[in-house]
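Report on the structure given below.
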Amino acid sequence: MCGILQWIFTSNEGFSVLQEDMALDMHPDFTVFKLLTRPGGSSYEYEFLIGETKVPGESWSTFAEHLHTVCAENDNDTKNVYGMLQIGFEVQMFKHENYQFETLGNRMHLVNDVHDFIACARYIKAHPMRPLNN
């Protein structure tokens, strides 16, 4: 998944993808960061997308609730961030905005629905949320 995200969220567009070696309970498996310039000119790297990858076992809703908690604890001033949950070959995108957590579309299969997944990732890339209170 990290390689797929690096292909979509490229460094020449100001993104960086960080994968955790061993993600702890409330740390995401990977995070996509975006570089931004604050008013006044200082640079700021914010969390654009938080991702969790899970092995099938528990219910989808249990993993989604865990992702919601991780997204709510992000380091952005506004707490706005996109989320992504991957269980096996299924993936779904989420949005945590203004303290609300909602799904963005249906679950997608990474092989059968690859074009839908890429389109969804490109959509969120083109529609960043406000990370700073200003």
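Values quoted throughout were computed directly from the atomic coordinates according to the rules given, and no laboratory measurement underlies them. Because the structure is a prediction, the values reported are computed rather than measured. Cβ: placed from backbone, ideal geometry, glycine included. Neighbour counts: every protein chain shown.
Brief remarks follow.
- Once the chain from His115 to Glu90 is taken as fully extended at 0.36 nm per residue, the excess over their C-alpha distance is 7.7 nm.
- With contacts taken as Cα pairs under 8 Å and at least 6 residues apart, region 55-134 reaches a relative contact order of 26 percent.
- Helix-only arithmetic for the chain: the sum of -39500 (n - 2.57) across DSSP H runs with n ≥ 4, divided by the residue total, places the mean residue ellipticity at 222 nm at -7500 deg cm²/dmol.
- Net charge over other residues, Cβ less than 13 angstrom from the Cβ of Phe94 (K, R count +1; D, E count -1): -2
- Acute angle (nearest 10 degrees) that the helix 114-126 long axis makes with the longest principal axis of the chain, alpha-carbon atoms: 20 degrees
- Length added when fully stretched, Ala126-Asn98, from 0.36 nm per residue minus Cα-Cα: 8.2 nm
- Region 6-134 shape via C-alpha gyration tensor axes, a/c threshold 1.5: prolate
- Taking the Cα centre of the chain as origin and assigning +1 to Lys and Arg Cβ atoms and -1 to Asp and Glu Cβ atoms, the resulting dipole is close to 500 debye.
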